[in-house]
Structure formats: C-alpha cells, structure tokens
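Worksheet: the structure to be examined is printed underneath.
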Amino acid sequence: MAAITITLAAFVAELNHDRLPEAVRVRTRFLLLDLAGNMLRGRHAAESTPPLLAAARALGLGAGASAVFGDSARWTPAGAALLNGALAHSLDFDDTHAASSLHPGAPVIPAALAAAEMNGAPGADVLAAIVAGYEVTNRLGLALPAGAHYARGFHPTATCGAFGAAAAAARVFGLDAKGVEEALGIALSQSAGSLQFLSNGAWTKRFQVGWAAMAGLAAACLAREGFKGAAEPIEGKAGFLRAYAPDPKPERVLQDLGTEWELMATAVKPYPSCRYGHAAVDAALALRAELGLRSEEIEGVTIGLPRSGMILIGDDIERRRKPQNIVDGQFSGPFVVACALARGAFGWDSYTELAAPDLVRLMSLTSCEFDPEIEAEFPTNMSGKLTLRARGETFIRKVVVPKGEPANFLSEAELMAKYHGLADAVLGAERATRLAEAVLSLHQAPGVAGLLRLSSPAMAARLAGE
C-alpha cells in the first residue's frame, strides 16, 4: 500500500479547481454558502459567543485585519479561524458527512478563508483548498472508522478536522507536496476533541471545532516557514489512525482518491440539531401531516437508532427527556421529535420552547432504542425509525435517507431559503443576497476580500451607502 500521508499530501498540493468535476465545483460553493449562514447567525444567536469573543480579545486575537462573519471588528488570522470555526458549529446546523459521522465544513472553510486573507489567494484556489480539506477530513473519519472513534470518546469533527484544516490552509498557501506533508505532521500534535460535552451541555463542542480550524492554519503556517512535522502522521505506529481507534482501516483513506469525491457525500442539514435525529424528525413530520395528528392524541413514541446515534441522542433517556439548555436540546432525540410532532416544524427558534408543557409531556412519553434494522443502514445512511402510538393504534415510519443527504439533497431554492433564514436577521435581506452572490461567484473572483467585506454588518451598511 502506498504511503498514505505522502500520497494524500501530493493529492492536496496538486488539486486544481479547473480540473475538478463541474458538480464538485458547484456543490463546493453551495456548501460555503450554507456555512456562511451558520457563521453569521452563530455570531449573534449562540449563547456561547460573547464569552468566546471576550476570551479571544483577552488573548490578543483581536488586533488584526481578518474577518469574522457577522462581526464588524477585525481579528488576527488565528482569531478569525478560531471564531469562524466555532461560530460555524455553534448552531449544530452545519453540513454532515454521514459515513464518517462528522461536520467537515466548520473546521475546513474558516481555515481556508483565513489563509486566503493572509496571502490574497484567488477564489478558485480557495475553493480547491476547501475540496482538499473536505476530502482529508472525511476520509480520515472513514478510516477510523467513526463508530470506534466515538466509542473512545473522541469528537471526529475536531480530531479529523484539524488535518482537513491544515490541508486546506496549505493548499491556499501553495505549499508543495512536501510542505503539505509537514503541515499534516504538525497537525497530528494538535488533533483533539472530546465527547464529554454531552455530560452537561458544555460549549466545548463548538470551541474544539474552532480550535481545529485554528490549529490547521497554524500547522500550515509553521510548515510554510520550514518547521518540521512528524513523518507518517496518519499511518505511523503512533500516528492518528492507530492512536485514536482500536481497529482502523488505513486503506480507506486513499480508496478512489481523486475519482470518488467525499465532498459530494456531504449533506446539508434542514434542522439545527444532531444529524442522528433528523430521520426521526422527517418521520414525525410525515406522520403528523398524513394523520392530521394532534399532540394530545399521542400516547407513546419510540425512536429507533444506530449505536452511534444512541450514544449522542438516546442514551441516559431521563436526561434526554429533560433538556436544560440548547446543547442538551440539540442532542435530545425526545426534544427534536416532540417539536416536530407538536409544531409541525423544527428550527432554531424551537429552542426557546424547552420547557413548553406540551413538549415536556411528549418528551416524557418518548423512548430511544437501538434498532438492528437501522444499524444495518449505518454508516452508509444516518437512518431512523419512528414508532408512534396514538388513537389506540401503532404507526411506524422508517426513513432510510433523511432530507439533506446527497440522495435526498436540498433543492437550490431550499438551500437559499435556509441561508436567508439565518443570514437575513444579521445582514438584512438585501445585504444577505449580495453576500450570497459573492459566494456563488467566488470561482471568478480575484480573492476573498469582497466576500468577507459583505459578511460584516457594519461594512455591508457602508457599502450600501456608497
């Protein structure tokens, strides 16, 4: 088997936007647009944002010229990568790669944008770098594989994301294959992320993804300046795969590299919560509509999940039935399904109803269970099954491919509606439209400066008055 790190580094260094399949080029721009909406709204809606910004300023990360989405201040490149990465993940509304059970955009895209501000890279190179980062992140998650990594308590968005962010920043900097290899070797020392946030609804889930973006940028900067990284950081005896999972599949990293694009296997979320609950939400919305069901008619609900889904949204059921904060709600199967059943919708504003009496009642009637039939669909699909008892009858709905997955992808209109639903509240509809146009034409732009100016409310207002 070819040396994994060397082969992957060469792939990253040589990736050319013009030689990518058209479908990959188009999808990359829409994934960037989706993340832009998340970063904008996360800056103003996430309760973890004020202390995060204050700490970043205290650390000296506020004295720079780099942009943070939705913010009128300017930050150092490291600060921009950290903050944009954390903001992108703060709503739990960012894209998801089902088979590797992670969110590639949040660590990768902020690192690429921060690097591009540093060296003025053209838009096409930034997009190629984002593709490279997605491929590295997703393929490492596949090789662990994700379930075993989760079982050890790791958060793969952060752990794998540090490598993807390093690859993206290195590609923006134009490093050669050896330089990318060094960046990946340095990223190994910074790959971290724990699932312990589940114990108390901690904000560390958001922070560690931002840290992965910053770590990747730092790794690429060090490599650019000639700093030496560890050899074989992915496949080595003490490398990432062997250290972070008990039985990795190293060959999966390079499988069909350059012909099968894992970026195209990345989903866009229609709901702001853990992806493992989305199939059940789809099922709940469908059953509610078909049956004309009222909340008070429901006698019991069971959510069927794969093992990884149980870990994240189903285990410790009494706690899942009583979410105390937004993070708890994002990782509560009972809450997200209760919202869908009672309201016929589930969105960011649903988190204001954690204590609504009808939702509390439904949560108390909801159980989560490991379902072998659903496990058999994983990791190809993040499927789910909903068993609903109402009107003295039992109704069952299995959703194999939840809304937003590549095989059930959002339409362009749905993608734009999601983006505007997040961005308009921060920028206003007209500013948000201009930003969307800048994102979707980035492949023709000389750089990211124009796009990033529009991401600032204050700057957007000034531009509108010119």
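With every protein chain left in place, what is the accessible area per residue of the chain in square angstrom, probe 1.4 Å? Mind showing how you got there, number by number?
Numbers: 15980 Å² over 466 residues.
Value returned for the chain: 34 Å² of accessible area per residue.
Quick check: net charge around A223, other residues with Cβ under 14 Å of its Cβ, Lys/Arg +1 and Asp/Glu -1? Don't skip to the end; give the middle numbers.
Values: positive: R171, K178, R224, K228; negative: D176, E181, E182, E225.
For residues surrounding A223, the net value is 0.
Would you mind computing the Rg to Rh ratio of region 115-179 from its alpha-carbon coordinates, Kirkwood style for Rh?
On the way: Rg = 13.4 Å, Rh = 12.4 Å.
The Rg/Rh ratio comes out at 1.08.
Divide the volume of the convex hull of the Cα atoms of region 84-148 by its number of residues and quote the answer in cubic angstrom per residue. List each step's numbers first, then the result.
Working: hull volume 5.5 nm³, N = 65.
Once divided by residue count, the hull of region 84-148 is 85 Å³.
At what distance in angstrom do the alpha carbon centres of region 220-291 and region 63-88 lie from each other?
24
Search the structure for amide H atoms under 5 Å from the amide H of G70, placed 1.01 Å from N in the peptide plane, and list their residues when 5 or more places away or on another chain.
It is S456, by chain and number.
Out of region 372-466, which trypsin sites (Lys or Arg not before Pro) are coil in DSSP terms and have no more than 14 other C-beta atoms within 10 Å?
Details: sites: K385, R389, R391, R397, K398, K403, K418, R431, R434, R453, R462; in loops: R391, K403.
Counting only loop positions with at most 14 other Cβ atoms within 10 Å, the trypsin sites (Lys or Arg not before Pro) in region 372-466 are R391.
What number results when the radius of gyration of region 151-231, computed over Cα atoms, is divided by 2.2 N^0.38 Å? Please report the intermediate quantities before stating the final value.
On the way: Rg = 13.3 Å, N = 81, 2.2 N^0.38 = 11.7 Å.
Ratio of Rg to 2.2 N^0.38 Å for region 151-231: 1.14.
Compute the orientation-averaged projected area for region 276-392 from the convex hull of its Cα atoms and round it to one decimal in nm².
6.6
Where Lys and Arg each count +1 and Asp and Glu each count -1, what net charge lies around P51 among other residues with Cβ under 13 Å from its Cβ? The partial results should precede the final answer.
Numbers: positive: R57, R206; negative: E47.
Result for the neighbourhood of P51: +1.
For region 132-178 and region 340-382, what is the separation of their Cα centres, given in Å?
If you average the Cα positions of each part, the centres end up 30 Å apart.
Dipole of the chain (Lys/Arg Cβ +1, Asp/Glu Cβ -1, origin at the Cα centre): which of A86, C274, A63 lies farthest to the positive side?
Positive-most Cα among the choices belongs to A63.
Return the sequence-ordered ³J(HN,Hα) values of region 438-452 in whole Hz as given by the Karplus equation 6.51 cos²θ - 1.76 cosθ + 1.60 applied to θ = phi - 60°, using x for Gly and Pro.
Each residue of region 438-452 in turn: 5, 5, 6, 10, 4, 4, 9, 8, x, x, 9, 4, x, 4, 5 Hz.
Counting only protein heavy atoms, what percent of the accessible surface of the chain is carbon or sulfur at a 1.4 Å probe?
Values: 8670 of 15980 Å².
Using a 1.4 Å probe with all protein chains present, the chain comes out at 54 percent carbon and sulfur.
Hand me the chymotrypsin sites (Phe, Trp or Tyr not before Pro) from region 222-294 located in a DSSP loop with no more than 15 other Cβ atoms within 10 Å, in residue order please.
Details: sites: F227, F240, Y244, W261, Y276; in loops: F227, W261.
Here the sparse-neighbourhood loop sites are F227.
Dipole size in debye (nearest 20) for region 223-344 around its Cα centre, Lys and Arg Cβ +1, Asp and Glu Cβ -1? Let's see the in-between values first.
Working: 16 positive and 17 negative charges, 68 e Å.
Taking the Cα centre of region 223-344 as origin, the dipole is about 320 debye.
Roughly how compact is region 285-339, stated as its Cα Rg over 2.2 N^0.38 Å to two decimals?
Working: Rg = 12.2 Å, N = 55, 2.2 N^0.38 = 10.1 Å.
Region 285-339 yields a ratio of 1.21.
Compute the Cα gyration tensor for region 226-333, then decide on rounded, prolate or oblate, letting a ≥ b ≥ c be the square roots of its eigenvalues: rounded whenever a/c is under 1.5, prolate when a/b is larger than b/c in the other cases, and oblate in all that remain.
Values: a/c = 3.04, a/b = 2.12, b/c = 1.43.
Since a/c reaches 1.5 and a/b is larger than b/c, the shape of region 226-333 is classed as prolate.
Greater than 26 Å separation of Cα atoms is the criterion. Which listed pairs, K178/K237; K249/K403; K205/K418; K178/K269; K269/K398; K249/K269, meet it?
Numbers: K178/K237 20 Å; K249/K403 29 Å; K205/K418 23 Å; K178/K269 36 Å; K269/K398 19 Å; K249/K269 28 Å.
Pairs exceeding the cut-off: K249/K403; K178/K269; K249/K269.
Taking Cα pairs under 8 Å and at least six residues apart, what relative contact order does the chain come out at, in percent? Can you show the working numbers first?
Numbers: 1003 pairs, mean separation 93.7, N = 466.
About 20 percent, as a whole number.
What is the P(r) of region 1-90, as percent of Cα-Cα pairs per 5 Å bin from 0?
3, 13, 18, 15, 12, 14, 12, 10, 3, 1
As an exercise, find the ratio Rg/Rh for region 240-282 from alpha-carbon atoms, using the Kirkwood inverse-distance average for Rh. Walk me through the numbers before you get to the answer.
Working: Rg = 15.0 Å, Rh = 13.4 Å.
Taking Rg over the Kirkwood Rh, I get 1.12.
Output the 0 to 90 degree angle, nearest 10, between the alpha-carbon long axis of helix 22-45 and the longest principal axis computed from the alpha carbons of the chain.
With both axes taken from Cα atoms, the answer is about 70 degrees.
On the principal axes of its Cα set, how long, how wide and how thick is region 348-436? Give whole Å, largest value first.
Principal extents (Cα only, largest first): 50, 37, 21 Å.
Once a ≥ b ≥ c are taken as the square roots of the eigenvalues of the Cα gyration tensor of region 38-77, is the result rounded (a/c under 1.5), prolate (a/b larger than b/c) or oblate (a/b not larger than b/c)? The partial results should precede the final answer.
Working: a/c = 2.94, a/b = 1.33, b/c = 2.21.
Oblate, because a/c is 1.5 or more while a/b does not exceed b/c.
Shape call for region 169-288 from the C-alpha gyration tensor, a ≥ b ≥ c root eigenvalues: rounded (a/c under 1.5), prolate (a/b greater than b/c) or oblate?
Working: a/c = 1.98, a/b = 1.72, b/c = 1.15.
Verdict is prolate for region 169-288.
I'd like the distance separating the alpha-carbon centroids of region 101-130 and region 198-212, in whole Å.
If you average the Cα positions of each part, the centres end up 21 Å apart.
Loop only per DSSP, at most 13 neighbouring Cβ atoms within 10 Å: give me the GluC sites (Glu not before Pro) in region 142-232, ordered by residue number.
When the GluC sites (Glu not before Pro) of region 142-232 are filtered for loop state and at most 13 Cβ neighbours within 10 Å, E225 remain.
Where the convex hull is taken over the Cα atoms of region 375-420, what is its projected area averaged over directions, in nm²?
Working: hull surface 19.6 nm².
It is 4.9 nm².
The values are calculated or read from the model by the stated rules, or taken from the named source; none is laboratory data. Everything numeric in this text was worked out from a predicted model, so none of it was measured. Backbone-built Cβ (ideal geometry, glycine too); neighbour counts: all protein chains shown. Calculation scope for accessible area: heavy atoms of the full protein, side chains included, ligands and nucleic acids excluded. Shrake-Rupley method; radii C 1.70, N 1.55, O 1.52, S 1.80 Å.
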